[in-house]
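In what follows, a structure is listed as structure tokens, so that the remarks can point back to it.
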Amino acid sequence: MSFQLSSEQEMIRLMARDFARNELEPNAHKWDQTETFPAAAVKKMGALGLLGMMIPPEYDGAGAGAVSYSLALQEIAYSCASTAVTMSVTNLSCDPLWKFGNDQQKERHLKPLAAGLALGAFAITESGAGSDPGGMITRAVEDGNSYLVNGSKIFITNGGYADTIILVARTGQDKSNRGLSGFIVEKGTPGLIIGRKEDKMGLRASNTVELLFEDCRIPKANLLGKEGIGFKIAMVALDSGRIGIASQSLGIARACLDEAIQYAKNRRQFGKSINSFQAIQWMIADSATEIEAAHCLTIQAASLKDQGLPFTKEASMAKLFSSEMANRVAYRTLQTHGGYGYMKEYKIERLYRDVRVTTIYEGTSEVQRIVVAREVM
Ligand code: CAA
């Protein structure tokens, strides 16, 4: 694996950085406080090619690859972690369409997502099926030339704004993982109801809702691949998704580290800047070192994906380490700020809330350890 970025990767990183610092950073606090979904900024991200980064140009994507995607997402997350998850879930939603969709589905559903003209969502989680999606009960029953879907999905990022939802639901009589199938659900389909908007601890500018399906009729043409492969579709998409959450975590951690350095330089106690104290220096050194380690793991997973090699284990390792690392870095940064870090006027207060979910969504740390243990054993 080369650690040298190509000129194209560096250009994409700088483009994302400019956009994030100019368009997201000045607004992120306000969006968080008012729970505002940054629709205009997300639209601009689409125009910059940030929503379908790993889809080839023949399907209107940026064709930039997973390493560039990780670099760009880190920059977006540095400035606004809420916008980063909106970006990552749309990129994730492109993946099943790209890998399992037929030509017509790619033409109709993938192209607008990859071009950044539409938003995507990924609906597998249910109230009784979180870490164990194989336990889902939302059912799709064949009815003529369509499926009638009944059930509900929770914690759906982008759910209230998504034009295209990748849904996994139970078909047939098989009660195991093999009884699940993947579907494309279009916004506005009768019977698709946008339910409660979640009142979250962090990422308050991202949209997280419940989706209800009440006799929701989905044409058979919207079945992804064939019946029975829904679990596999979800797992394959989550492999890529986990590179995204590792990258989001890295971006938040880098923002925390910069906040710690800045604060420690300016804050004076006992007659000197607190950055002259070894206790503070060691926290900063540990954070900087762990960020570099997480970066290596994440770029390794992304690089394997770009080479078309297996990356399930590496994506889980990257997600596990980066998300836990980012939580430690946020903790140290808040500690460095003392009482001020607990106040909403300091950026670390938002970062500390935003980072918490990274060890939970797209597979908890415990699930990542299951994946890694199975792979290495
Ligand atoms: N790629 C391809 N196939 C895979 C796979 C992968 N990465 N992982 C598993 N499979 C296949 C297996 O080969 C197996 O196939 P066969 O039946 O043909 O043998 C099948 O899937 C079942 O696999 P397992 O026996 O490993 O399944 P399991 O029930 O033991 O579950 C698990 C394993 C890793 C715990 C999995 O359930 C899991 O990842 N859970 C976490 C779910 C999750 O991440 N949810 C997040 C929700 S989405 C979200 O948060 C998005 C958002 O909005 C931010």
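Calculate, in whole percent, how much of the Cα-Cα pair population of the chain lies beyond 37 Å. Spell out each step's value before the answer.
Numbers: 13082 of 70876 pairs.
When every Cα pair of the chain is considered, 18 percent fall beyond 37 Å.
I need Leu334, Leu71 ordered by Cβ neighbour count within 10 Å, fewest first. Numbers along the way, then the final one.
On the way: Leu334 20, Leu71 27.
Listing Leu334, Leu71 from fewest to most nearby Cβ atoms yields Leu334, Leu71.
To the nearest 500 deg cm²/dmol, what mean residue ellipticity at 222 nm is calculated for the chain from DSSP H runs of n ≥ 4 alone, each contributing -39,500 (n - 2.57), summed and divided by the residues?
So the helix-based figure for the chain works out to -16500 deg cm²/dmol.
Pairs of Cα atoms under 8 Å, at least six residues apart: use those to get the relative contact order of region 120-230, whole percent.
Relative contact order here is 32 percent.
Provide, in order from the shortest bin, the percent of all Cα-Cα pairs of region 120-230 in each 5 Å bin, continuing until the bin that contains the maximum pair distance.
Percent of pairs per bin, in order: 2, 13, 24, 26, 19, 10, 4, 2, 0.
Mean shadow of region 7-114, computed from the convex hull of its alpha carbons, in nm²?
Average of the hull's projected areas for region 7-114 equals 6.4 nm².
What are the chymotrypsin sites (Phe, Trp or Tyr not before Pro) within region 235-325 that DSSP puts in a loop, where the Cβ has at most 12 other Cβ atoms within 10 Å?
When the chymotrypsin sites (Phe, Trp or Tyr not before Pro) of region 235-325 are filtered for loop state and at most 12 Cβ neighbours within 10 Å, Phe270 remain.
Tell me, Ile245, Ile348 in order of fewest to most beta-carbon neighbours within 10 Å? Intermediate results must be reported in sequence, preceding the final value.
Details: Ile245 32, Ile348 23.
Fewest to most other Cβ atoms nearby, the residues stand as Ile348, Ile245.
P(r) for region 232-376, please, calculated from all Cα pair distances in 10 Å bins and given in %.
13, 39, 27, 15, 6, 1, 0
DSSP loop (so not H, G, I, E, B), at most 16 other Cβ within 10 Å: list which GluC sites (Glu not before Pro) in region 18-86 pass both filters. Could you put the intermediate results ahead of the total?
Details: sites: Glu23, Glu35, Glu58, Glu75; in loops: Glu35.
Filter output for region 18-86: Glu35.
Among Val42, Val85, Val376, what is the fewest-to-most ranking by other Cβ atoms within 10 Å?
Numbers: Val42 20, Val85 29, Val376 8.
Final ranking by Cβ density, sparse to dense: Val376, Val42, Val85.
Can you give the FRET efficiency to the nearest 0.05 for Arg268 and Glu375, using r as the Cβ-Cβ distance and R₀ = 51 Å?
According to the calculation, E is roughly 0.55.
How about region 212-284: which trypsin sites (Lys or Arg not before Pro) there are in a DSSP loop, with at most 14 other Cβ atoms within 10 Å of their Cβ?
Passing sites in region 212-284 are Lys226.
Considering only the other residues whose Cβ falls under 13 Å of the Cβ of Ala47, what net charge follows from Lys and Arg at +1 and Asp and Glu at -1?
0
Who wins for biggest fluctuation among Leu117, Leu309, Leu24 in a Gaussian network model of the chain, springs between alpha carbons below 10 Å?
In the Gaussian network model the winner is Leu309.
Relative contact order for the chain using alpha-carbon pairs under 8 Å, separation at least 6, rounded to a whole percent?
Relative contact order here is 17 percent.
Helix by helix, which DSSP H runs in the chain go 30 Å or more along their axis at the Cα atoms and have an average Kyte-Doolittle hydropathy of 0.0 or more?
Result, helices passing both filters: 230-266, 278-306.
Taken together, the values in this text are just the output of simple stated rules run on the coordinates, not laboratory data. Bear in mind the structure is a predicted one, so any value in this text is a computation, not a measurement. FYI the Cβ positions are ideal-geometry reconstructions off the backbone, even for glycines, and counts take in every protein chain you see.
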